[in-house]
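Just so it is clear, none of the values below were taken in a lab; they were calculated from the coordinates. Predicted, not measured: the structure shown is a model, and the values here were computed from it. A quick note on method: Cβ atoms are made from the backbone with ideal geometry, for glycine too, and the neighbour counts reach across all protein chains shown.
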Amino acid sequence: MIGTLRMLMGLAIAVATLCLAGAFGSVNWWATLGILGIGLLWLSVLRHGNHRVADWGLFAFVLAAVWGGMQGLVWGWLLTAVVAGLVGWDLSHYLAHLQTATERQDENELVRRHLFRLAGVAGGGWMLAALTLTASIRINYIWAIVLAGAAVILLTRTVRALRSRNTE
């Protein structure tokens, strides 16, 4: 199962690198070459097992995506690159956690559940971000305050419910 995680991690990093390089490809060749270099360095995590490279790789990709967004590049490629980068980052840390665990009971089931949750979070996050980037809603200041207040109340209730469920 660790081999499958390595393959999925490499695939996610490659997708993130290619999407980001593709977004910058027609605008700035130097940025494209830099992104490809960072992606290759990040892929070295698969061979050497240094998961700290994943932290820096994700940081660089998010910064590049933000910079690309400010340059007016296609948001779909940038968003896909960030989500795939997050998946690669998560899998590299999960793999490092699995390898340092002394006792692994039912490892295949743990990995399967983690991958299932990760797919849901990545897909849902991409869909919500895409909806946010495409939607255009005009509200006045009062409604913005009301919506922000409702969001804060719902978030605090959700956190309280989760905490009470964890203490039981």
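When the Cα positions of W42, I153, A96 are compared along the charge dipole of the chain, I153 comes out farthest toward the positive end, with charges on each C-beta of Lys, Arg, Asp and Glu. The smallest convex shape that holds all Cα atoms of segment 32-96, its convex hull, gives 64 Å³ per residue.
Treat every Asp and Glu Cβ in the chain as -1 and every Lys and Arg Cβ as +1, leave all other atoms uncharged, and give the resulting dipole magnitude about the Cα centre to the nearest 20 debye.
320
The mean sequence distance of close C-alpha pairs (under 8 Å, at least 6 residues apart), as a share of the length of segment 2-136, puts its relative contact order at 31 percent.
Using the alpha-carbon positions of segment 2-136, Rg (one decimal) and Dmax (whole number) come out as 15.5, 51 Å. Under the shape rule built on the C-alpha gyration tensor, where the axes satisfy a ≥ b ≥ c, segment 121-168 is oblate, since a/c reaches at least 1.5 while a/b does not exceed b/c.
Global size of segment 82-134: 13.7, 46 Å for Rg and Dmax (C-alpha atoms, Rg to one decimal, Dmax whole).
Each stretch of four or more DSSP H residues adds -39500 (n - 2.57); spread over every residue of the chain, this sum gives -30000 deg cm²/dmol at 222 nm. Taken about its Cα centre, segment 83-168 carries a charge dipole of roughly 420 debye when the Cβ of each Lys and Arg holds +1 and the Cβ of each Asp and Glu holds -1. Arranged from fewest to most other beta-carbon atoms within 10 Å of their beta carbon, T102, T158, T32 become T102, T158, T32.
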